[in-house]
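Comments concern the structure below.
The values are calculated or read from the model by the stated rules, or taken from the named source; none is laboratory data. Since the model is a prediction, treat every value here as computed from it, not as a measurement. In this analysis, Cβ positions are derived from the backbone assuming ideal geometry, glycine residues included, and neighbour counts consider all displayed protein chains. To get the accessible areas, we keep the full protein, side chains included, count just its heavy atoms, and leave off ligands, DNA and RNA. Shrake-Rupley method; radii C 1.70, N 1.55, O 1.52, S 1.80 Å.
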Protein chains: 2
Amino acid sequence: MHNFVLDSRLAQDSHFIYDLPLCQVRLENVRNFPWLILVPRIANLSEVHQLTANQQAQLLNESSQCAHALLTLFPLDKMNVGALGNVVSQLHWHVVGRRKDDDAWPRPVWGFNPTAPWQEDEINMIKSRLIAQFDQ
Amino acid sequence: MHNFVLDSRLAQDSHFIYDLPLCQVRLENVRNFPWLILVPRIANLSEVHQLTANQQAQLLNESSQCAHALLTLFPLDKMNVGALGNVVSQLHWHVVGRRKDDDAWPRPVWGFNPTAPWQEDEINMIKSRLIAQFDQ
């Protein structure tokens, strides 16, 4: 009876985009970088190695779908992907598009300050374009 | 005729530990954190999404083997896993054991300064214990 509930901090810091088979795709509300997070809809999960082999394969499959979608939408030089979870323990997987002239390059985006939020019309535009990618 | 050659910066900053089916496992020479890197033995590779679906599944399988091995050797609170490649573009996958009292917590390890190197006897000890884990 332990159902998946999205962590409140993740809910607050990102916008729902799409449900892929394993994960909820969300847009991090940080305008500085095109940044998606994938949250497996599984309760009580904090580490990638807690997933089954099939779920791990599916996670990277969905991560690569997100990477390809971001590369279609934005001019990017590099993808940063992975899971940290030092602050929010609920497993969430980052897919971050990087540019050599972005605000944090070549440092990681995690902990970068100060960040700016996306504007509502930008979020709507990105969401509709991402949905079109995932629906293909 | 493009054979895999380990990037010189990766070679300099880490010690060879083991060959898993897809990746070379290396110990990052940073005593502050138990930190392995996985380097797929494939030429001209910089992004996870360039791997085939099977290779991506194998990468996470090997990542989780590394996570379990580090958890056996060290007292750890969290694993940080993923690929950045903003400085060294050859695809290398990080598996970093974190403790809530480590030098960078809760920030990422990438870019952390100052770091200290492992001592030779420590490297030999860690290597032999990791090999025992991978050989199981």
Of the criteria (1) in a loop (DSSP other than H, G, I, E, B); (2) more than 15 Å from A:HIS92 (Cα to Cα), which one A:LEU45 fails:
(2)
So which residues in the stretch A:25-39 are assigned to a strand (DSSP E or B) and farther than 12 Å from A:HIS94 by Cα, if there are any at all?
none
Quick check on the stretch B:41-58. Is at least one of its residues touching a Phe, Trp or Tyr at 6+ places or on another chain (Cβ under 6 Å), closer than 26 Å to A:VAL87 by Cα and modelled with pLDDT of 95 or more?
no
Before we move on, is A:GLN65 within 14 Å of chain B (Cβ to nearest Cβ) and either open to solvent by less than 60 Å² (accessible area, probe 1.4 Å) or more than 14 Å from the chain's Cα centre (by Cα) (or both)?
no
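Can you confirm whether the stretch A:56-63 contains a residue that is at negative phi and assigned to a loop (DSSP other than H, G, I, E, B)?
Step one: of the stretch A:56-63, the residues at negative phi are A:56-63.
Within this subset, residues satisfying the condition of being assigned to a loop (DSSP other than H, G, I, E, B) are none.
No, that holds for no residue.
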Under 8 Å by Cβ, and 6 or more places apart or on different chains, what pairs join a residue from the stretch B:58-80 that is within 12 Å of B:GLY97 (Cα to Cα) with one that is surrounded by fewer than 21 Cβ atoms within 10 Å (Cβ to Cβ) and of a type in the set (S, T, N, Q)?
B:HIS68/B:GLN133; B:ALA69/B:GLN133; B:THR72/B:GLN133; B:LEU73/B:GLN133; B:LYS78/A:SER46; B:LYS78/A:ASN86; B:LYS78/A:SER89; B:ASN80/A:ASN86
Pairs please, first residue from the stretch B:39-53 and free of Cβ contacts under 8 Å to residues at least 24 places away in the same chain and under 19 Å from A:HIS68 (Cβ atoms), second anywhere and of a type outside the set (A, V, I, L, M) and open to solvent by 50 Å² or more (accessible area, probe 1.4 Å), Cβ atoms under 8 Å, 6+ apart in sequence or on different chains.
B:HIS49/A:HIS68; B:ALA53/A:ASN61
Condition set among the small types (Gly, Ala, Ser) and in a strand (DSSP E or B), scope the stretch A:73-90, selection farthest from the other protein chains (Cβ to nearest Cβ): answer is A:ALA83
Failed condition for A:GLY111, given (1) among the small types (Gly, Ala, Ser); (2) part of a loop (DSSP other than H, G, I, E, B); (3) surrounded by 21 or more Cβ atoms within 10 Å (Cβ to Cβ), with all others met?
(3)
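Condition first: assigned to a strand (DSSP E or B) and within 15 Å of B:LEU91 (Cβ to Cβ). Now tell me which residues in the stretch B:1-19 satisfy that.
Residues of the stretch B:1-19 assigned to a strand (DSSP E or B): B:14-19.
Result: B:SER14, single match.
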Mind checking which pairs have a first residue in the stretch A:91-110 that is farther than 16 Å from A:ARG31 by Cα and facing another protein chain (nearest Cβ under 7 Å) and a second that is of a type in the set (Val, Ile, Thr) and part of a loop (DSSP other than H, G, I, E, B), Cβ under 9 Å, 6 or more apart or different chains?
A:PRO106/B:VAL87
Go through the stretch A:41-57 and count every residue that is more than 7 Å from chain B (Cβ to nearest Cβ) and either among the basic types (Lys, Arg) or farther than 12 Å from B:ASN61 by Cα (or both).
6
